[in-house]
Amino acid sequence: MLQNVDQIRADFPILAETVHGKPLVYFDNAATTQKPRQVVEKLTEAYYKYNSNIHRGVHHLSQVATEAHENARKTVQQFIGAAHDHEIVFTRGTTESINLVAATFCEKFCTEGDEILISGMEHHSNIVPWQLMAERKNLKLKVIPFFDNGELDMEAYKVLLSAKTKLVSIAHVANSTGIVNPIKEIIQLAHAQNIPVLVDAAQSVPHFKVNVQELDCDFLVFSGHKMYGPTGIGVLYGKEDLLNALPPYQGGGEMIETVTFEKTTYNALPFKFEAGTPDYVASVALAEAIRYMQHIGLDAIKQHEDELLAYATEQLKTLDGVRIFGESMHKSGVLSFLIHDIHPFDLGTLLDQMGIAIRTGHHCAQPVMDRFGIPGTMRASFAFYNTKAEVDSLIKALKRIVVMFA
Ligand code: PMP
């Protein structure tokens, strides 16, 4: 466990709040994480000291803001090990990044009958954008199934990959179960047939080291707000050649080179994909969040969260009537469960009364719930600022609730 967790917690003012008169226990980190003072201060600093629209000004403030935004891009590049900073496109988040790739990739490379391959454990954000394009272009969406323990069926994956497959788009870590997919193997198998792979890293980048060149993924997407950064900003990483081959997504702002009424030519990467005023304040704060994580250390973060997950799993299993969804050696940060036939909504509401925030429902992964034949689960998800004492509070609260329902 992290030795200085108290010191870390002191950087997150919200963790000292009380809810319904009880100390807050925040276990909803897969939905969004809390923000350290350092990140919030970066937002304030940008607005108070150098706020100015970027890229277009010769004046001092605009140059400072532009440099801060472009330095943030370099920080992201280094963080995920990309070869070039222009392979980093700032978006509003994972959802927008996937929509961007779905719209432009399918437009450019897919024709009737082609297949996009996703998995049965995807977040809706990695299902619906492909369905939209499938409807428009008569494509087929194929789905890799998963086993009862939540792990991906790799044999089924091998069978589903075919000459018709144009792209594989898959979660690195499933948000509903915490299952970590064998992403490197998934990519190698697709590449053996020249099929590019998009990795939804919304639940991996915040929790352990991810290096895009080591993985050799073609696209990788994630959200700032799930990794201690601000809302409204996310990242699309794409290999230079592929991004260059794609048409623009939205028009306007910095994405142009020249505009006439007859014809517009487009800017180089990454600006081609950043239409309109980017959130140049959020990008700077996201870079600060990355520095914060790096200061703790990605390996230390992983170790702390793995230990917490193992401890919480073991403690939860001491309760009667517990079912855990997603049981594997390969998990990260998420504990999804049900107790007897108590409805998740009731459990979540009672936990809230005790100051404990966990998520209940389908977690934007309804097909996962259908696969398990349940309406939803309780989901506790962990961050590096969580402690074993907080896990004890959760278990104690659950025990009380079970007695109430007995
Ligand atoms: N994919 C996964 C795996 C997620 O966990 C989430 C957020 N729950 C998303 C996509 C969507 O992220 P956002 O809402 O930040 O766009």
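The values are calculated or read from the model by the stated rules, or taken from the named source; none is laboratory data. Every value quoted in this text rests on a predicted model; they were computed, and no experiment measured them. A quick note on method: Cβ atoms are made from the backbone with ideal geometry, for glycine too, and the neighbour counts reach across all protein chains shown.
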Checklist entry - Among the residues of segment 216-257, which ones are surrounded by fewer than 22 Cβ atoms within 10 Å (Cβ to Cβ) and either within 12 Å of the ligand (Cβ to nearest atom) or in a helix (DSSP H, G or I) (or both)? => result 230, 231, 232, 240, 241, 242, 244, 245
Checklist entry - With respect to the numbered conditions (1) free of Cβ contacts under 8 Å to residues at least 12 places away in the same chain; (2) within 30 Å of residue 157 (Cβ to Cβ), which one is the sole condition not fulfilled by residue 183? => result (1)
Checklist entry - Here are some residues: 361, 333. Which one is touching a residue at least 40 places away in the same chain (Cβ under 8 Å) and on the phi > 0 side of the Ramachandran plot? => result 333
Checklist entry - Restricted to segment 206-215, and to residues that are away from the ligand (no atom under 16 Å from the Cβ) and assigned to a loop (DSSP other than H, G, I, E, B), which residue is surrounded by the most Cβ atoms within 10 Å (Cβ to Cβ)? => result 209
Next on the checklist: Among the listed residues 139, 117, 132, identify the single one that is under 22 Å from residue 180 (Cα atoms) and either crowded, with 23+ Cβ neighbours inside 10 Å or touching a helix residue (DSSP H, G or I) at 6+ places or on another chain (Cβ under 9 Å) (or both).
Outcome noted: 117
Next on the checklist: Just to check your reading of the model, which residue among 400, 379 is among the charged types (D, E, K, R), at pLDDT 95 or above and either out of contact with any Lys or Arg (no Cβ under 6 Å at 6 or more places or on another chain) or not in a strand (DSSP E or B) (or both)?
Outcome noted: 400
Checklist entry - Pick from segment 333-364 the residues that are among the small types (Gly, Ala, Ser) and touching an Asp or Glu at 6+ places or on another chain (Cβ under 7 Å): which of them is nearest to residue 18 (Cα to Cα)? => result 357
Item to check | Filtered residues of segment 68-85 (kept if surrounded by fewer than 19 Cβ atoms within 10 Å (Cβ to Cβ) and closer than 15 Å to residue 254 by Cβ) | outcome: 70
Checklist entry - For segment 40-56, how many residues meet the condition of being crowded, with 18+ Cβ neighbours inside 10 Å and either within 16 Å of the ligand (Cβ to nearest atom) or farther than 14 Å from residue 288 by Cβ (or both)? => result 3
Checklist entry - Can you pull out the residues in segment 332-352 that are among the polar types (S, T, N, Q) and within 25 Å of the chain's Cα centre (by Cα)? => result 332, 336
Checklist entry - Considering segment 348-374 alone, what residues qualify as being closer than 25 Å to residue 149 by Cα and either in contact with a helix residue (DSSP H, G or I) (Cβ under 6 Å, 6 or more places away or on another chain) or β-branched (Val, Ile, Thr) (or both)? => result 358, 360, 362, 364, 368, 374
Item to check | Filter result for residue 152 (surrounded by 15 or more Cβ atoms within 10 Å (Cβ to Cβ), within 16 Å of the ligand (Cβ to nearest atom) and aliphatic (A, V, I, L, M)) | outcome: yes
Checklist entry - Are any residues in segment 33-88 among the charged types (D, E, K, R), assigned to a helix (DSSP H, G or I) and more than 21 Å from residue 221 (Cβ to Cβ), and if so, which ones? => result 37, 41, 42, 45, 49, 67
